[in-house]
Amino acid sequence: MRPFAQLTGRIELQKHCLTAVKGLLSDLQRKNTESVAYRHGQHRRALQRFIGEAAWEHEPILQKLSEHIGEKIGRPDGVIVFDPSAFEKCGNKSAGVARQWLGRFGKVDNGQVGVFMAYASKTQHALCNARLFLPQEWTDNKSRCAAAGIPEQAYATHKSRGQLCLEMLEQSGGFLPHAWITGDDELGRPTWFRRALRQRAEQYVLGVPAHTQIRDLDTAPPPYRGRKPAGPFLSVEKWREALDKRRWRKITIRAGEKGHMVMRIAAGRVLAITERGKHGSGQEELLVVTQRPEGNGMRYDYYLSNASPEESLAELARVINAEHRIEECFKRAKSEAGLADYECRTWKGWHHHITLSLLATWFLTVEVLEKKTPALTQCADGALHHCHVFASALYAKTH
């Protein structure tokens, strides 16, 4: 924790940083600031000020975290994953709280939404950055934002969840070696977000809704009738229903708790519709469809990608699977590191708590990594021992 705690500033702030993370890693049932303070024999007010009021910046710590994650588990074929996560919240004074879509709960309700950035490689996966989303009713009300301690640059203009993702990519992407970016259909739906990633030379696989309209470029166009022929637009769901069974491929993703996870996947070249009307975006993309058992039926998910048409279905399946690994990150952070156990109302307090929780979660991830390699450590220790024996014998012989 030392490299991260030092970024908070004064010694007393560093001590509070360590106390807070220890509390988040403890066996407390409710890991709010008051419970953590009492666990360590401290008065709650000092730790509450550290979380909700103290003038330490969270962004340098998140940048340091991304750097550390990239060094520890980074791989050239890594995947950056973006995903919003909801927190139910009562009242109307906490920063960003509003009636809005809470994807985690599958409903519109009162709450806050954080937009998170995660990194997944063949080694491990971890949350590395976060932003609090402000609904337009907040950015339109400057006095309300000021009362919640929201800095002016955060509410001067309304920022969509996709724009927050691009901000985090600019801040942390350079520390995370990656070949892909992925996210759910909230990010894949708008044409502008996919275009923004292409402009940044990023390769993506982004979810889209089942009603997304596309034109199939692999199907022969209708007969020529005096104008350039073009196939009709249809929903990705209709495209999937008409798909030849021979185009599906079964891919074994990875070993899960109940055995190997298997996915059926198919892809084809398409032109997606824009938000402004029934015409193509001008950019050829791959439409990727996956099929997985869910309950007593099958679940179908749809994605658009700027990958080459020659890209293997196995690689696309790996990237899509990485998008689902973020749920494991949230599960660990919320169940073991108190991600949702905050009671602060301010902008600063939300980001401070989330940052400390991400640090605690990363500590747990590193522990898992180290426990997976005991044999290598023993081998290295044994080799080192033999080196010492050999060096001692050589020294004795020559002297």
Scoring only Lys, Arg, Asp and Glu (+1, +1, -1, -1) among other residues with Cβ under 9 Å from the Cβ of ALA307 yields -4
Over 18 Å between alpha carbons, listed pairs LYS15/LYS334; LYS93/LYS334; LYS72/LYS348; LYS72/LYS122; LYS93/LYS348: LYS15/LYS334; LYS93/LYS334; LYS72/LYS348
What is the helix-to-structure angle for 161-172, meaning the angle in degrees between its Cα long axis and the longest Cα principal axis of the chain, kept from 0 to 90 and rounded to the nearest 10? 50 degrees
Kirkwood Rh for the range 113-203 from C-alpha pairs, in Å, is 14.6 Å
Acute angle (nearest 10 degrees) that the helix 347-371 long axis makes with the longest principal axis of the chain, alpha-carbon atoms: 80 degrees
In degrees, nearest 10, range 0 to 90: what is the angle between the Cα axis of helix 11-24 and the longest Cα principal axis of the chain? 60 degrees
Read phi for every residue in the range 33-43 and hand back ³J(HN,Hα) as whole Hz from Karplus 6.51 cos²θ - 1.76 cosθ + 1.60, θ = phi - 60°, with x for Gly and Pro. 4, 4, 5, 5, 4, 5, 4, 9, x, 10, 6
Can you bin every Cα-Cα distance in the chain into 20 Å intervals starting at zero and give me the percent of pairs per bin, rounded to whole numbers? 24, 50, 21, 5, 0
Would you mind counting up the charge near ALA86? Only other residues with Cβ under 11 Å from its Cβ, with Lys and Arg at +1 and Asp and Glu at -1. 0
With LEU164 itself left out, Lys, Arg at +1 and Asp, Glu at -1 over residues whose Cβ is under 12 Å from its Cβ give -1
Ignoring ligands, DNA and RNA, how do CYS90, CYS165 rank by accessible area with a 1.4 Å probe, largest first? CYS90, CYS165
What spacing in nm lies between the two simple spin-label points modelled at ARG99 and ARG45, each 7 Å away from Cα in the Cβ direction? 3.9 nm
For the range 1-149, what is the convex hull (Cα atoms) projected area averaged across all directions, in square nanometres? 10.8 nm²
Given H placed on each backbone N at 1.01 Å, which residues far from TRP180 in sequence or on other chains put an amide H within less than 5 Å of it? ILE80
For ARG195 and TRP248, extending 7 Å from Cα along the Cα-Cβ vector and measuring point to point gives, in nm, a value of 3.6 nm
Geometric extent, Cα atoms of the range 91-161 - Rg, Dmax (angstrom): 14.2, 47
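The values are calculated or read from the model by the stated rules, or taken from the named source; none is laboratory data. Remember, it's a predicted structure, so these values are computed and weren't measured experimentally. Note that we place each Cβ from the backbone using ideal geometry, even for glycine, and neighbour counts take in every protein chain shown. Remember, those area values only see protein heavy atoms, side chains included, never the ligands or the DNA or RNA. Shrake-Rupley method; radii C 1.70, N 1.55, O 1.52, S 1.80 Å.
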